[in-house]
Amino acid sequence: MSHPFDYSGKVVLVTGSSRGIGAGMVEAFARAGGRCVVNYVADDAGRNKTDAERVAAGMKDAIVIECDVANDASVAAMMRQIGEKLGGLDILVNNAGILRDRTIKKMTPDDWEAVLKVNLTGPFNCIRHATATTPLLREGGRIVNISSLSAYAGMFGQANYAAAKAGLVALTKVSARELAKQKITVNAIAPGVIETEIIASVPQEQKKKYLEQIPLGRFGQVDDVVNAALFLCSPLASYITGQVIHVNGGMLMP
Ligand code: NAP
């Protein structure tokens, strides 16, 4: 019997995979034999492209695609490219995400909109275009949405982010029902505090407070999230759909 985490022959798209959890995720799928798509969003300095190309350079046969997941036409073009170059898709990980933390009093409509667009509309765009009339995502495929502990805990200053990530849990459940006929499973992972750039901006004092609330006594590592995704996308998880795996060291037990 082949190893359950053998992804040879599988086409894998991880959105926002130029750094952080997404980069760790796409690298793990590539090490396990997957044919991977590294996705980044363009920035003026070109840093994201460089990062994405560096991630892809360490893999066999990876392709790099620029796409802003918040932009419907951009997602349509990415899915078209995947179809043309790789012939289909087996695994979609909706990982791209941004933060714009502020209390509601100070949050601008733009802060609200930007976070909702990337963190919730982004996954919707990707799921929609991957499963459209001539579906790119093959029968038996897997979708993993990266939500957050914030969706459950309602973290201070994260009205936009928590609402988007809670919406993503609901989107996970609806997609799980709608795609079950094609034997596509859809699950979410809700990470707690994971050591990546996204939390580098959190003040030291706040990080100390978080640590005191984590029974396992450490922040999460990228691999803690990656391992949950490898499981959810494997044959071992073929009867699991519409669920959320909480990867948070026990910080919250919803
Ligand atoms: P990160 O280091 O900031 O990485 C975020 C990734 O998303 C980057 O690759 C970024 O691409 C990409 N991205 C941002 N906007 C995008 C867009 N419009 N289109 C395509 N890609 C876009 O963050 P991370 O910590 O790895 O977080 C990854 C996911 O886990 C996010 O959804 C986040 O909300 C979630 N999460 C993280 C934690 C944590 O503690 N780290 C906890 C809970 C949930 P560029 O590099 O090209 O900008």
Residues that are part of a loop (DSSP other than H, G, I, E, B) and either among the hydroxyl-bearing types (Ser, Thr, Tyr) or open to solvent by 30 Å² or more (accessible area, probe 1.4 Å) (or both), drawn from the range 120-139: THR131, ALA132, THR133, THR134, PRO135
Subset of the range 96-122 [under 12 Å from the mean Cα position of the chain (by Cα) and more than 9 Å from the ligand (Cβ to nearest atom)]: LEU120
Counted residues, the range 152-178 - those being within 14 Å of the ligand (Cβ to nearest atom), more than 14 Å from the chain's Cα centre (by Cα) and farther than 16 Å from VAL115 by Cα: 2
Pairs where the first residue, in the range 195-211, is open to solvent by less than 80 Å² (accessible area, probe 1.4 Å) and within 13 Å of the ligand (Cβ to nearest atom) and the second is of a type in the set (Lys, Arg) and part of a loop (DSSP other than H, G, I, E, B), C-beta under 9 Å, 6+ apart: THR196/ARG19; LEU211/ARG218
Number of the condition not met by LYS181 [criteria: (1) over 21 Å from the mean Cα position of the chain (by Cα); (2) within 14 Å of the ligand (Cβ to nearest atom); (3) charged (D, E, K, R)]: (2)
Hits in the range 140-179 - residues which are open to solvent by 50 Å² or more (accessible area, probe 1.4 Å) and not in a loop (DSSP other than H, G, I, E, B): TYR152, ALA170, LYS173, VAL174, ARG177, GLU178
Filter pass, ASP51 being in contact with a helix residue (DSSP H, G or I) (Cβ under 9 Å, 6 or more places away or on another chain), open to solvent by less than 70 Å² (accessible area, probe 1.4 Å) and not in a helix (DSSP H, G or I): no
Odd one out for ASP51 among (1) farther than 20 Å from VAL226 by Cα; (2) within 14 Å of the ligand (Cβ to nearest atom); (3) not basic (Lys, Arg): (1)
Test result for ALA76, open to solvent by less than 30 Å² (accessible area, probe 1.4 Å), part of a loop (DSSP other than H, G, I, E, B) and hydrophobic (A, V, I, L, M, F, W, C): no
Any hit, the range 62-83, residues being without any contact (Cβ under 8 Å) to a residue 12 or more places away in the chain and closer than 26 Å to GLY192 by Cα: no
Residue that is least open to solvent (accessible area, probe 1.4 Å), among those in the range 215-224 that are more than 12 Å from the ligand (Cβ to nearest atom) and not in a helix (DSSP H, G or I): GLY217
Residues satisfying the stated conditions in the range 12-44, i.e. surrounded by fewer than 24 Cβ atoms within 10 Å (Cβ to Cβ), more than 11 Å from the ligand (Cβ to nearest atom) and assigned to a loop (DSSP other than H, G, I, E, B): ALA32, GLY33, ASP44
Single unsatisfied condition, PHE5 versus (1) of a type outside the set (Val, Ile, Thr); (2) more than 22 Å from GLY140 (Cα to Cα); (3) part of a loop (DSSP other than H, G, I, E, B); (4) in contact (Cβ under 8 Å) with a residue 12 or more places away in the chain: (2)
In the range 227-245, the residues that are of a type outside the set (S, T, N, Q), open to solvent by less than 60 Å² (accessible area, probe 1.4 Å) and over 16 Å from the mean Cα position of the chain (by Cα): ALA237, ILE240
Matching residues in the range 83-113 - criterion: being in a strand (DSSP E or B) and surrounded by fewer than 16 Cβ atoms within 10 Å (Cβ to Cβ): ARG102
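The values are calculated or read from the model by the stated rules, or taken from the named source; none is laboratory data. Just so it is clear, the structure is predicted and the values come from calculations on it, not from any experiment. Please note: Cβ atoms are built from the backbone with ideal geometry, for glycine as well, and neighbour counts cover all protein chains shown. Ligands, DNA and RNA are stripped out before the accessible areas are found, and what is left, the full protein with its side chains, is counted by its heavy atoms. Shrake-Rupley method; radii C 1.70, N 1.55, O 1.52, S 1.80 Å.
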